[in-house]
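The values are calculated or read from the model by the stated rules, or taken from the named source; none is laboratory data. These numbers were taken from a predicted model, which means no experiment stands behind them. Every residue, glycine among them, receives a Cβ derived from its backbone with ideal geometry; neighbour counts consider all protein chains shown. Please note that ligands, DNA and RNA were not included when accessible areas were found on the heavy atoms of the full protein model with its side chains. Shrake-Rupley method; radii C 1.70, N 1.55, O 1.52, S 1.80 Å.
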Amino acid sequence: SYGAGVAAYNLGRHAESAALLATFFEAKAACEAEGRDYTAPPLGTPLARFYLAHSTYALGRDRWPVAADHLRAYLREVEQAGPQRVLNMPNGWQGRTISDGERKASRFRNRACSDEARADAHAMLSLIAEQGGGAEAALEDARRAAELAQAGGVVEQRAAAAERLAQLHAALGDTAAAEEQAALAAAAHAEAVGVAEAKVDALEKTCAATREQLQTAKEAKSAASDLMAVAMRDVQTARSRVAARGGAGQCGQRGGAGRRRGASDAAAAAERAASLEAELQQTRSRLAEAERAAARAKAEAVAEVEASAGEVGAVRQELALSRDEASQLREAVAAAEQALLVAKRAAADAAGAEAARSELLGAQEALSEAEGAAAAAGAARD
């Protein structure tokens with residue numbers, strides 16, 4: 001059920017993946033409870049727990065509490081497993097035999113226990129906590145996700161984590177913290193734009209290099225065709241000379257010496273023709289091989305150009321989205337700053353109103369005292 005569950009997850013069949021991986025963990029727990037021997041799968045149990053949590057989360061909000069349990073179990077298992085080393089050393093290192101399968105499995109274990117994966121788990125826990133307890137309940141996991149993303153996540157993850165914190169701080173009324181996180185998110189998006197642009201440049205260079213290789217293959221094919229034409233002319237010329245010399249030996253020579261010279265010339269011409277024929281066959285073989293190589297190079301070049309072009313388009317689209325997000329974040333920061341300024345002015349106005357109110361109360365008290373004094377003075381006159 002482990003392998004089938006992992007495969008189902010990668011195919012996007014989340015209900016099937018969740019059921020299969022849950023069965024695996026039930027069987028694992030039964031083995032441990034009964035004291036039976038248990039060998040961990042090559043890809044490791046944290047990876048399966050991570051996929052199980054993701055699949056359960058994808059099944060809908062009513063399954064989020066179960067997904068949260070799996071996410072916490074995943075974080076505990078990663079803590080117990082510790083950092084996972086990638087086996088990228090050559091085969092035979094320190095007398096150890098390392099297969100390609102072991103190297104691939106080590107990379108999966110490393111990714112499953114990485115800061116990037118753990119940040120993703122905390123981000124999901126934050127979303128689940130917010131559903132039941134609001135922004136305050138979600139804040140701690142969001143902070144942890146941002147810390148891990150900053151330590152080992154990709155730039156897009158850092159930006160998303162900072163945006164999430166900015167939203168939560170804003171919801172809690174902490175304008176200063178919201179502005180700080182929004183600024184961090186904007187910086188991360190700007191960095192992502194630079195990374196995407198560099199990737200586009202690299203892919204365009206790859207496309208250009210592939211086109212050059214294709215042109216070189218076409219030129220090699222053309223040169224081989226020219227060589228074949230020259231060889232064919234050489235063979236035809238040799239055959240004509242053999243025929244001419246043979247006729248001259250039969251008709252124009254008298255005596256045995258003349259016939260022998262003619263026969264000798266004919267034999268030499270025939271030998272030269274045979275040599276040229278052999279060279280022609282070799283040339284044809286080389287030409288056929290060059291044509292096959294050119295066809296392979298063309299197919300590979302076309303496939304690589306098409307793939308590179310698609311990837312360039314995807315990266316350019318991602319670049320445009322990153323620029324849009326960065327622009328939106330700048331607008332959000334500006335709006336937050338404006339809101340802070342308005343709040344400060346309102347606070348100043350409120351403070352001024354309070355002072356005026358105090359002065360009014362003092363004036364009213366003085367007026368009351370003056371009215372009392374006047375009344376007392378009138379009573380004394382009477």
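Couplings for region 131-138, taken from phi via the Karplus curve 6.51 cos²θ - 1.76 cosθ + 1.60 with θ = phi - 60°, read 4, x, x, x, 4, 5, 5, 8 Hz in order; Gly and Pro are left as x. Average accessible surface for region 26-67: 55 Å² per residue, computed with a 1.4 Å probe over protein heavy atoms with every protein chain in place. Overall, region 62-172 carries a charge dipole of about 580 debye about its Cα centre when +1 sits on the Cβ of Lys and Arg and -1 on the Cβ of Asp and Glu, all other atoms neutral.
Global size of region 1-148: 16.7, 56 Å for Rg and Dmax (C-alpha atoms, Rg to one decimal, Dmax whole).
If you build the convex hull over the alpha carbons only and average its shadow over all orientations, what do you get for region 74-152? Give it in nm² to one decimal.
6.2
Between D69 and E147, the modelled labels are 2.7 nm apart [label points 7 Å from Cα along Cα→Cβ]. Inter-label distance, E191 to A137: 3.2 nm, where each label sits 7 Å from its Cα along the C-beta direction. Between Q213 and E365, the distance separating the two model label sites (each 7 Å from Cα on the Cα→Cβ line) works out to 9.1 nm. You can think of it this way: the chain between R96 and A171 has 21.4 nm of extra reach, that is 0.36 nm per residue less the Cα-Cα gap. Put +1 on the Cβ of each Lys and Arg and -1 on the Cβ of each Asp and Glu in region 125-191; which of L165, A149, A135 then has its Cα farthest toward the positive end of the dipole? Checked the options; the winner is A149.
What separates the Cα centres of region 1-67 and region 71-125 is a distance of 17 Å. Using the Cβ-Cβ distance between E300 and T39 with R0 = 41 Å, the FRET efficiency computed as 1/(1 + (r/R0)^6) comes to roughly 0.45.
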